[in-house]
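Read the structure below first, then the notes.
Rule-based calculations on the coordinates, nothing more; no lab input. Model, not experiment: these values are computed from the prediction. Don't worry about glycine lacking a Cβ; one is built from the backbone with ideal geometry, like all the others, and counts go over all protein chains shown.
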Amino acid sequence: MKILAPSPAELTRGRSATPIAFIRAIVTGYRRRGMDPASALAQAQIPPARLDDPAAGVTAAQMELLSGVAMQALDDEALGWFSRRLPWGSYGMLCRASLSSPTLEVALKRWCRHHRLLTEDIVFELTQRGGMATIHVTENTGLGELREFCLVSTLRYLLGYACWLVDSRIALSEAAFPFPAPAHADAYAYLFAGPARFAAESASIAFDARYLALPVRRDEKALQTMLQRALPLTVLQYRRDRLLVHSVTQLLAAHPAAAHTAEEVAAQLNTSVRTLHRQLKEEGVSLQRLKNEARREHAITLLLQTRKPVKQVAAAVGFDSEKSFARAFREWTGVAPSSYRTSTSAADARSTAG
């Protein structure tokens, strides 16, 4: 496969937000193999003198190009982290092995399991507890001076791949790391877009477990395209959050009779009204449609499972009058509320008798 790289004009465009410590880690990988990184640094337009400035940084494009050149030169996609090389294409194989998964949960479990086929120097595990999903990293060998770069890179790659698989931002509740906060700790907010905790027992990322139920939305063709420039795609900060529809639906279902203005819903979900409408539109729904669906489902439940008069059902789902409720219900189901209750009950009775 032909691997695309940033153009020379792209290299120094944008913020130099990638810590120089990560560039030094790549240089260390070269030197561990007795190789000279000078050519790779030159291609990425990174002056060697910059390596000695702890406050320096490089652009995402420079990091992308240097990483790609180094992986191919070293024939090691792990850039020297592990006790054995991971030949070019290893992580592409991991992506392909999980691509046919029905949900993100299955994909992540496959990724964690198959990563052990590449190395057991570090092991990933997906766990769930109290509505939270956590990917833990167990270190089975000393990673030395490459520890930070290894743990940050592998977790960020896995998070980016997961976002790409389901085509959604995955909001992190926390990213934890088993080392003191580095001088460039402010860069972690961009890499993981959530609270970062240092000096933790182990490296991990945690997020709402409901993301695990999202379906995988990518195919082989999309994978081929992504792998041509994997780094920028897997660190992309997605704007769309597909869990938003689930969250809105749950909120509306909890109180179907409430007015639920866009301002109220947005405030409860800690987002803006503009973002709420935009993301719902991207999912092909509107707030009004979700409100109608919540009211319809609650109305049907009350009609079939209680003896409440239609007037009380109408009030329970937020209608001021029985007439307006009947008109809306007819639009939803094609029949009047009383007819729906009678016909469904009769059908159930026939089914039981049969």
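List the relative contact order of region 5-142 as a percent without decimals, with contacts defined as Cα pairs under 8 Å and 6+ residues apart.
RCO, region 5-142: 18 percent.
Once you keep just the Cα pairs under 8 angstrom separated by 6 or more residues, what percentage relative contact order results for the chain? Walk me through the numbers before you get to the answer.
On the way: 480 pairs, mean separation 44.3, N = 354.
Relative contact order of the chain: 13 percent.
Rg over Rh of the chain, using C-alpha atoms and the Kirkwood radius, what does it come to? Before the final figure, lay out each step's value.
Values: Rg = 26.2 Å, Rh = 23.5 Å.
Value, to two decimals: 1.11.
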Worksheet item: In 5 Å bins starting at 0, how do the alpha-carbon pair distances of region 1-74 split up by percent?
Response: 3, 17, 30, 26, 16, 6, 1, 0
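Run the numbers for GLN45 and GLU120: contour at 0.36 nm per residue of separation, minus the present Cα-Cα distance, in nm. Provide the component values of the computation, followed by the final result.
Details: separation 75, 0.36 × 75 = 27.00 nm, distance 3.48 nm.
The GLN45-GLU120 span can extend by a further 23.5 nm.
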Worksheet entry | Amide H contacts of ILE122 (H built 1.01 Å from N, under 5 Å, at least 5 apart or other chain) | ASN140
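Run the numbers for ARG210 and HIS277: contour at 0.36 nm per residue of separation, minus the present Cα-Cα distance, in nm. Walk me through the numbers on the way to the answer.
Values: separation 67, 0.36 × 67 = 24.12 nm, distance 2.10 nm.
My answer for the length gained is 22.0 nm.
If you wrap a convex hull around the alpha carbons of region 29-118, what volume per residue comes out, as a whole number of Å³? Intermediate values should be presented prior to the final figure.
Values: hull volume 11.4 nm³, N = 90.
Once divided by residue count, the hull of region 29-118 is 127 Å³.
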Worksheet item: With each run of n ≥ 4 DSSP H residues scored as -39500 (n - 2.57), what mean residue ellipticity at 222 nm is computed for the chain after dividing by its residue count and rounding to the nearest 500 deg cm²/dmol?
Response: -16000 deg cm²/dmol
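For a test of understanding, tell me how many lysine pairs in the chain have Cα atoms under 19 Å apart, given they are 8 or more places apart or on different chains. Let's see the in-between values first.
On the way: LYS2/LYS221; LYS281/LYS291; LYS291/LYS323; LYS308/LYS323; LYS311/LYS323.
So the count of such lysine pairs works out to 5.
Which number comes out as Rg/Rh for region 157-212 once both Rg and the Kirkwood Rh are worked out on C-alpha atoms?
Working: Rg = 11.8 Å, Rh = 11.9 Å.
Computed over Cα atoms, the ratio is 0.99.
Filter the GluC sites (Glu not before Pro) in region 108-206 to those in DSSP coil with at most 10 other Cβ atoms within 10 Å of their Cβ, and list the result. Present the calculation step by step, with values, prior to reporting the outcome.
On the way: sites: GLU120, GLU125, GLU139, GLU145, GLU148, GLU174, GLU201; in loops: GLU120, GLU201.
Those satisfying the criteria are GLU201.
Using the crude model of +1 on Lys and Arg Cβ and -1 on Asp and Glu Cβ, and no other charge, please compute the dipole size for region 1-74 relative to its Cα centre, in debye to 20.
On the way: 8 positive and 5 negative charges, 31 e Å.
In debye, rounded to 20, region 1-74 gives about 140.
Report the FRET efficiency, 1/(1 + (r/R0)^6), for ARG229 and MET132, where r is their Cβ-Cβ distance and R0 is 30 Å, rounded to 0.05.
0.40
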Fill in: Cα gyration tensor of region 91-224 - equivalent ellipsoid semi-axes, whole Å, descending
24, 17, 14
Worksheet, complete the sentence: The long-range amide H neighbours of ALA78, using H built 1.01 Å from N in the peptide plane and a cut-off of under 5 Å, are LEU86
Worksheet entry | Nearest-20 debye value, the chain charge dipole, Cβ charges on Lys, Arg, Asp, Glu | 1220
Worksheet item: Roughly how many Å is it from the Cα centre of region 69-145 to that of region 152-189, as a whole number?
Response: 14
Response to the item:
Here the averaged projected area of region 169-296, based on the convex hull of its alpha-carbon atoms and given in nm², is 10.3
Worksheet, complete the sentence: Ranking LEU303, ALA185, ALA70 by how far each Cα lies towards the positive end of the charge dipole of the chain (+1 on Lys and Arg Cβ, -1 on Asp and Glu Cβ), the top one is LEU303
